[in-house]
Structures are given as structure tokens and as C-alpha cells.
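The values are calculated or read from the model by the stated rules, or taken from the named source; none is laboratory data. Every value quoted in this text rests on a predicted model; they were computed, and no experiment measured them. Neighbour counts run over all protein chains shown; Cβ positions are idealised from the backbone, glycine included. The accessibility values were calculated without ligands, DNA or RNA, using every heavy atom of the protein model including side chains. Shrake-Rupley method; radii C 1.70, N 1.55, O 1.52, S 1.80 Å.
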Amino acid sequence: VLVYPGDYIENLTIHSSITIKSIVEINESDPAFDVGVIGEGGSVITISKLDDQPRPVPILRGLTVSGGNAEKGGGMYIKDADPNLEWLKIMQNKSGSDGGGLYLQNSDPVLSHVLIAENIAGTAAGSAGYGGGLYMESSEPTLDHVTISSNYANAGSGLYLSGSTPDISYSLIWGNNR
């Protein structure tokens, strides 16, 4: 699916191995993100496996994900799926408990050239709030050229691991706040 530049107020749910990308090709020396997917309550993008179906392996490229507000995974909620997330900005999302920007459970995504910034976990009363930028549970993601900065949570402001072993290379995790 090719998406034209603009802002789209959507909550996407993906259960298949589909490709969603900006129609504008990414100039890697000066990337522009002209497609904004803005949440309307709940996770902006949910990627998960249906009961009797194979694990989805969708590709998302050249999008900005913002405005999400969910219990877990304000920007993106990924469970039992292995997406390729390329040239994305996941910014200004909130979660009531965990994973303000991105929540992973039993998933092995590949993140390449992704910015995860200005997300907040733990906005619900009484919530501990783990993983302001990225929360991962029982997952083995690959992070290549990923920047995680200016996120907030009570624990793991940038990144929170629970039984997970990420492969991180050429990435920055800095300036996250508690």
C-alpha cells in the first residue's frame, strides 16, 4: 500500500504480511517523513497474529506515528508478530502503563533508521510506567540505527527489558528522563 503525503487520523490493525509505505522515496542522506499517522485513542498501530494464522511480517516504511494513547503501546502495540519497521518516527505517544512509544510482546521485529522520542509511559493513576520509549517482553528485536531519546517513564525511560535480548547496533539511547 502506497500512502500519499499528509496526516491521517487512524488506528490501524494489521494481521498480515502487508507493506505500507510513503509513496515518496526516502532520501537516506536527508530523510523526510511526509506521511503522519495520528492516533485517535488507543494504539495508533497494532500488529498481531490471529489465532490460526501465521505470524505476520509486515513492512512499514517512511511514516510518523504520533498521538496514540493506550493502556500499553501508545504509538505501536506489537504482539506475536515480526514486522520490519524502516525509516519511522514514533513520537509524542502515551500509555497508561507500559511502552509509551512502542510495546513488544513475544515479537522479533527489525527496526532500522527509527526515531523513538517524546513518549510517556505510566500516565494512569497508580501505574508504575515502564519503558517510556520502548518496552519489550519475551522479545528479540534487532535495532539498527535507532535513536531513543527524550522519553519518560518511572523505570526504563528509554528502554525497558523483561526477558528480552535485543541486538542493538549503531544506535543511540540518551536524554531519557525519569
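On the stretch given as the range 89-106, residues that are on the phi < 0 side of the Ramachandran plot and crowded, with 24+ Cβ neighbours inside 10 Å total 9.
Within the range 18-69, the only residue that satisfies the criterion of being touching a His at 6+ places or on another chain (Cβ under 9 Å) and of a type in the set (Lys, Arg) is Lys49. All conditions but one from (1) at pLDDT 95 or above; (2) not in a loop (DSSP other than H, G, I, E, B) apply to Asp108; the one that does not is (2). Look at the range 38-54: where a residue is within 23 Å of Pro5 (Cα to Cα) and a partner is buried (at least 20 other Cβ atoms within 10 Å of the Cβ) and at pLDDT below 90, sitting 6+ places away or on another chain with Cβ atoms under 8 Å, you get Val44/Val37; Ile45/Val37.
Strands (runs of 3 or more DSSP E) wholly in the range 4-46 with at least 2 residues that are under 21 Å from Val146 (Cα atoms) and open to solvent by less than 60 Å² (accessible area, probe 1.4 Å) - which ones?
The strands (runs of 3 or more DSSP E) meeting that bar are 19-22, 35-38.
Filter the range 117-169 down to the residues that are among the aromatic types (Phe, Trp, Tyr) and within 13 Å of the chain's Cα centre (by Cα) and list them by number.
Across the range 117-169, the qualifying residue is only Tyr135.
Taking the range 53-88 as the search range and keeping residues that are touching a Phe, Trp or Tyr at 6+ places or on another chain (Cβ under 6 Å) and open to solvent by 30 Å² or more (accessible area, probe 1.4 Å), which one is farthest from Glu137 (Cα to Cα)? Ranking the qualifying residues of the range 53-88, first place goes to Arg61. Selection of the range 167-178 for residues being open to solvent by less than 80 Å² (accessible area, probe 1.4 Å) and assigned to a strand (DSSP E or B) yields Ile168, Ser169.
Looking for whichever is over 24 Å from Gly100 (Cβ atoms) and not acidic (Asp, Glu) here; the options are Thr19, Thr13. Which one fits? Just a single option satisfies the conditions, and that option is Thr19.
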